[in-house]
Amino acid sequence: MDYKKAGLVAGIEIHQQLDTAEKLFCHCPTALRETAEHAGEFSRFLRATVSEMGEIDRAAKEEMKRDRRFQYYTYDTTCLVEDDEEPPAPMNDEALSVCLTIGKMFSMTPVPQVHTMRKLVIDGSNTSGFQRTALVALNGTLPNGGEIETICLEEEAAQRVKDEVFSLDRLGIPLIEITTSPCMHTPEEVQKMAEYIGMVLRSTGKVKRGIGTIRQDVNISIAQGARVEVKGVQELDLIAEVVRREVQRQQNLLATRDELKGRGASVDTASAQDITTLFKDTKSTVLKKAKKIHAIILKGFAGLVGREIQPERRLGSEMSDYAKKCGVGGIFHTDELPAYGVTAEEVASLKTHMKAGEADCVIIVAGGSEKQAVCAIGQVVTRATIALSDKPVPEETRKMLETGSSAYMRPLPGAARMYPETDVLPVIIDDARWRAVTIPELLTARADRYAKEYQIDLPYAMQLAGSDKLPLFERAIKEGIKPKLAAFTILSTATELRRDGVDVRKISDDAYLATWHAVEKGQTVREAIPELFRSIAAGSTFEESLKNLAPRVSREELEAIVRKILADRSEFVAQKGKAALGPLMGVVMAEVRGSVDGKMVSEVLRTGIDKALEPK
Amino acid sequence: MKGIYITERDGMAVVKLGSGYNIGVPPKVCTFVERPAPAAVKPVDVKQDSSLPNLSIVSTGGTIASRIDYRTGSVTSQFNASDILVAIPELAEIANYRTIPLATILSENMTPAIWQELARAIHEEIKGGAKGIIVTHGTDTMAYSAAAISFMIDTPVPIVFVGSQRSADRPSSDNAMNAVCAAAAATSDLGEVAVVMHASTNDDHCTIHRGTRVRKMHTSRRDAFRSLGIPPIGKVEYPSRTVTLAPDTVRRGTHKLALHDKLEPHCALVQFFPGMSPDILRAFEGYKGIVISGTGLGHTSTTLIPQLRHLTGASTVVVMTSQCMNGRVCDRVYDTGRDLLDAGVIEGGDMLPEAALVKMMWVLGNEKDGEKAKALMQADLKGECNRRSAHGL
């Protein structure tokens, strides 16, 4: 694919949670909780408010198509601010400082007076109905020539538990939003950019780590297409694929439009009608449950509604997503029927009833009420009309699906969604404050330094610098642990155990450190670490685990064990000579169950072999 | 970089960028480009259903519908029926509305003089055929105003005070649900002055409180309003709008319409505290009446008693209430109480201090005979003073 020729223009927004002590606008900890631990619940409705221009934001309007009662979980680590029952506290200065640090790392200009805004979001993920956000820095550049447009400091939204239920532990965690200019033209460039920015963010040591703590939104458009924002890309490796698939989708929508035009296709709005009685004896569970079934003819659409425009996505899926906004489960179209319990006879009678020709596609929607069915048909008409129009790719916010395809969420929000947060005072960033911001060492530079200072191989050092356990490594060095021991445990031992099915997340940083100190003090040996970790991961304390390890073997005992093994295998030793050391190491280590340092074993074994080989 | 200049703030020019974000920059870095024509506000046309009951909405400045000012970012209150119905469409299903913009004040700036204007306006509306009245009011002093209107008007129809604890400019505002519940209460069988506000943090029902027995008990929560001394007089479910009234609630049509709009403004509410100097009471010399919010069963320190005796001797009515909020005053248990009674202080029963103050203004405005006024202060006029202290409250 020639992306330059396709006119690909892409930019990204990176949202990264900050690891601050408190939330952005209250004094709660930034702790994530298990939903089972929730201490209370409450429920609310949200309604779109009229903007300063007297209009309701188009994205908000879309969310308003349904009256939704949202349910919220509260915790002993959340407060009335998350409940939208108390005005916000002043902006968290620690979070602002992290943003300024990152801004300086991108050579940006700070905003002299930072104003907090309310961004209208009424999908339930914010109890207030808006997300607080503030523009902190502008106009950055990257070594590769890329441009950062803005850095914003925002509050994280509540986590959706299921359907309309949200958990308030995440709401209000500080989030930095970094927006690049639309300066990228290939899928790979976008991914590289995301990787680089992620590395810079982690270099501050003040960002949260782990799944869900960083999310990328990708803005993509092609020539003749439209700007589409794909939200919520959590895995870095998928970014390029998301871009590729969106380009494919836009190109296919353009091609579909051309084909529809060629066929003289049209949306027959007059054909929309109630066909509930037609399916009164249906075996389809969805249709049987429906109170009202409506249908409409899309003239000349046959085959195109069901044609793939992106892996697992069709024009029909797009129509279905639009219709879902009315509360229906989706749509059926004759390109995919008979299926889902709808029989060939039913399809035939439907087509006859609707007077649909060979080239036409009939869409049916099953609603819980007349209002729902009418609304859903209206949404199908909207989407089908777009497919036929001069701009067949609508500007949309979409959510990424598992494999890199995407589904429609809502229209791109307009400027009408932003208004001032009157409850938060502006913050001044003067020259003195900006000058005082110090830039931390980049992780790439740190990896170089580790390689040099601690004689760790560079790829290993890079891995370490990028690891979640970097703060632990730094702590270990400070506490006098040998760098290689710490690096090896973090990168090899823990990884191997994890692959072996051990839940290494249960091993705390303190347990790592206690283990290393025990090794350094000679209370145990490096080879015993896997066994110790297995025991800790299974629920024992470090002390218990250490006590329950195989008993320490003294040098005398070890020498006795070695003598016995050599005696048992005297022929082998005679045959192999000094080369017997390697194979026999394993035998001895198995015998002492890792409770002796490998160096000591090899030394005793070597002496023993040398002795055995001495001419008698 | 281009943007729209919004306002000046702490020496900085606040500029709105194309993205919608505001930033503050030093004025000297700004260059004037052009002054865009102000955007025309689209007129809205909303149909009212004249077959529904007529309600009048009297606004005192509590915003039931509001809009952000594009330039300053502040909230301006919009007050005509169309604006309200655009913001809260469900209201149109309940009644046919007339709107009376009486005042646009923050409720902490409320005065007895405005209560009088409010009472007269409400009286006019009821006389004109309104089947119910909704008064939109800031929440800070809403309970005082509701008590004042309770005393000033004998009403055959519901007079419902409503407000919001979260401003109307946010999608989560309690204004819409409170307004819908207030309209439901105002068209119900209710026949007294009430406050209708959120019952809990949930958007599921509102409580109907008696105007003389309600108090704001939280600075910010939606369910800040609580009935004290009596159970709530009713509730309104949401979104079903089902109204349930308690057995003792005054029903529509029980009373004939009457206006008694005189108030005596020279009254005060004084909270006693340990170590309080008699000098503070001295400042109230010449006042017609003082409500004391005393400790426990209704006490001040003994050092204040001579000054209180001096005040009552000069015909100032002094009524004792309790800062406990819950329970009844009894100055016959301890020596200090008996000494207070001996000094001419009268017991305020289980009246809330604020309700007692407003009642005092009304009583002293309408009854010039000192002894009769004292008797009225201890009588139950509008449900403010119970003869019995019920369980569980």
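Please indicate, with yes or no, whether at least one residue in region B:235-247 is more than 15 Å from B:PRO158 (Cα to Cα) and part of a strand (DSSP E or B).
yes
Contact list please: Cβ distance under 6 Å, first residue in region A:105-119 and charged (D, E, K, R), second residue assigned to a loop (DSSP other than H, G, I, E, B), pairs at least six apart or on different chains.
Matching pairs, first to second residue: A:ARG118/A:GLU421.
Of the conditions (1) touching a Leu at 6+ places or on another chain (Cβ under 6 Å); (2) assigned to a loop (DSSP other than H, G, I, E, B); (3) surrounded by fewer than 22 Cβ atoms within 10 Å (Cβ to Cβ), A:ALA302 clears all except one; give me its number.
Single failed check for A:ALA302: (1).
What helices (runs of 4 or more DSSP H), lying completely within region A:502-616, carry at least 3 residues that are touching a Phe, Trp or Tyr at 6+ places or on another chain (Cβ under 8 Å) and within 30 Å of A:SER467 (Cα to Cα)?
In region A:502-616, A:509-520 are the helices (runs of 4 or more DSSP H) which contain 3 or more residues that are touching a Phe, Trp or Tyr at 6+ places or on another chain (Cβ under 8 Å) and within 30 Å of A:SER467 (Cα to Cα).
Could you check, for region B:153-162, whether at least one of its residues is more than 25 Å from B:ASP83 (Cβ to Cβ) and surrounded by 23 or more Cβ atoms within 10 Å (Cβ to Cβ)?
yes
How about region A:335-447: which helices (runs of 4 or more DSSP H) wholly inside it have at least 1 residues that are closer than 29 Å to A:LYS289 by Cα, out of contact with any helix residue (DSSP H, G or I) (no Cβ under 7 Å at 6 or more places or on another chain) and not polar (S, T, N, Q)?
Passing ranges, in order: A:344-354, A:370-388.
From A:THR541, A:THR524, grab the single residue that is closer than 19 Å to A:ASP597 by Cβ, polar (S, T, N, Q) and not assigned by TED's automatic domain parsing to the domain that holds A:MET600.
A:THR524
For region A:410-425, how many residues are within 14 Å of another protein chain (Cβ to nearest Cβ), in contact with an Asp or Glu (Cβ under 7 Å, 6 or more places away or on another chain) and not hydroxyl-bearing (Ser, Thr, Tyr)?
5
In the set A:ILE275, A:ILE309, A:ILE296, A:ILE363, which member is modelled with pLDDT of 95 or more and more than 38 Å from the chain's Cα centre (by Cα)?
Matching residue, one of A:ILE275, A:ILE309, A:ILE296, A:ILE363: A:ILE296.
Can you tell me which residue among A:ASN139, A:ASN144 is surrounded by fewer than 23 Cβ atoms within 10 Å (Cβ to Cβ), within 14 Å of chain B (Cβ to nearest Cβ) and more than 20 Å from the chain's Cα centre (by Cα)?
A:ASN139
Tell me which strands (runs of 3 or more DSSP E) are completely within region A:162-242 and hold 2 or more residues being under 24 Å from A:GLU94 (Cα atoms), or say none if there are none.
A:174-180, A:214-221
Select from region B:158-193 the residues that are of a type outside the set (S, T, N, Q) and either part of a loop (DSSP other than H, G, I, E, B) or out of contact with any strand residue (DSSP E or B) (no Cβ under 9 Å at 6 or more places or on another chain) (or both) and list them in ascending order.
B:PRO158, B:GLY163, B:ARG166, B:ALA168, B:ASP169, B:ARG170, B:PRO171, B:ASP174, B:ALA176, B:ASP189, B:GLY191, B:GLU192 - these are the residues of region B:158-193 that are of a type outside the set (S, T, N, Q) and either part of a loop (DSSP other than H, G, I, E, B) or out of contact with any strand residue (DSSP E or B) (no Cβ under 9 Å at 6 or more places or on another chain) (or both).
Within region B:12-34, track down each residue that is more than 9 Å from chain A (Cβ to nearest Cβ) and of a type outside the set (A, V, I, L, M, F, W, C).
Listed by number, the residues that qualify are B:PRO27, B:LYS28, B:THR31, B:GLU34.
Among (1) part of a loop (DSSP other than H, G, I, E, B); (2) closer than 15 Å to B:MET377 by Cα; (3) among the hydroxyl-bearing types (Ser, Thr, Tyr), which single condition is B:TYR287 missing?
(2)
Restricting to region B:177-187, give me the number of residues that are away from chain A (no Cβ under 13 Å) and surrounded by fewer than 24 Cβ atoms within 10 Å (Cβ to Cβ).
Qualifying residue count for the region: 1.
For the condition at negative phi and modelled with pLDDT of 90 or more, what is the one hit in A:GLU235, A:GLU189?
One residue alone meets the criteria, A:GLU189.
Within region A:305-353, which residues are without any contact (Cβ under 8 Å) to a residue 40 or more places away in the chain, hydroxyl-bearing (Ser, Thr, Tyr) and either farther than 19 Å from A:SER271 by Cα or buried (at least 21 other Cβ atoms within 10 Å of the Cβ) (or both)?
Once the filter is applied, which keeps residues that are without any contact (Cβ under 8 Å) to a residue 40 or more places away in the chain, hydroxyl-bearing (Ser, Thr, Tyr) and either farther than 19 Å from A:SER271 by Cα or buried (at least 21 other Cβ atoms within 10 Å of the Cβ) (or both), region A:305-353 yields A:SER320, A:THR334.
Taking only region B:343-372 into account, find how many residues are farther than 17 Å from B:PHE151 by Cβ and without any contact (Cβ under 8 Å) to a residue 12 or more places away in the chain.
2
Among the residues in region A:242-250, are any touching a strand residue (DSSP E or B) at 6+ places or on another chain (Cβ under 9 Å), over 21 Å from A:ASP2 (Cβ atoms) and in contact (Cβ under 8 Å) with a residue 24 or more places away in the chain?
No, that holds for no residue.
Give region A:94-121 a look and list any residue that's more than 9 Å from every other protein chain (Cβ to nearest Cβ), within 25 Å of B:LYS16 (Cβ to Cβ) and of a type outside the set (Ser, Thr, Tyr), or say none.
A:ALA95, A:LEU96, A:CYS99, A:LEU100, A:ILE102, A:GLY103, A:PHE106, A:MET108, A:PRO110
Pick out, from region B:312-393, the helices (runs of 4 or more DSSP H) lying fully within it that include 3 or more residues that are under 22 Å from the mean Cα position of the chain (by Cα) and small (Gly, Ala, Ser).
So the answer is B:353-366.
Restrict the check to region B:104-125 and report whether at least one residue is closer than 28 Å to B:ASP189 by Cβ, modelled with pLDDT of 95 or more, surrounded by 19 or more Cβ atoms within 10 Å (Cβ to Cβ) and touching a helix residue (DSSP H, G or I) at 6+ places or on another chain (Cβ under 6 Å).
Yes, that holds for at least one residue.
Could you go through region A:373-384 and let me know if any residue there is within 14 Å of chain B (Cβ to nearest Cβ) and either touching a Ser or Thr at 6+ places or on another chain (Cβ under 6 Å) or over 30 Å from A:MET105 (Cα atoms) (or both).
No, because not a single residue in region A:373-384 is within 14 Å of chain B (Cβ to nearest Cβ) and either touching a Ser or Thr at 6+ places or on another chain (Cβ under 6 Å) or over 30 Å from A:MET105 (Cα atoms) (or both).
Name, by its number, the condition in (1) at pLDDT below 95; (2) more than 24 Å from A:MET105 (Cα to Cα); (3) more than 14 Å from chain B (Cβ to nearest Cβ) that does not hold for A:LEU443.
(2)
Condition first: within 14 Å of chain A (Cβ to nearest Cβ) and surrounded by 23 or more Cβ atoms within 10 Å (Cβ to Cβ). Now tell me which residues in region B:204-215 satisfy that.
Of everything in region B:204-215, just one residue is within 14 Å of chain A (Cβ to nearest Cβ) and surrounded by 23 or more Cβ atoms within 10 Å (Cβ to Cβ), namely B:CYS206.
Given the conditions (1) closer than 27 Å to A:PHE130 by Cα; (2) at pLDDT 95 or above; (3) surrounded by fewer than 24 Cβ atoms within 10 Å (Cβ to Cβ); (4) more than 14 Å from chain A (Cβ to nearest Cβ), which single one is not true for B:VAL196?
Evaluating B:VAL196 over (1) closer than 27 Å to A:PHE130 by Cα; (2) at pLDDT 95 or above; (3) surrounded by fewer than 24 Cβ atoms within 10 Å (Cβ to Cβ); (4) more than 14 Å from chain A (Cβ to nearest Cβ) leaves (3) as the failure.
The values are calculated or read from the model by the stated rules, or taken from the named source; none is laboratory data. Source: prediction; values computed, not measured. Note that we place each Cβ from the backbone using ideal geometry, even for glycine, and neighbour counts take in every protein chain shown.
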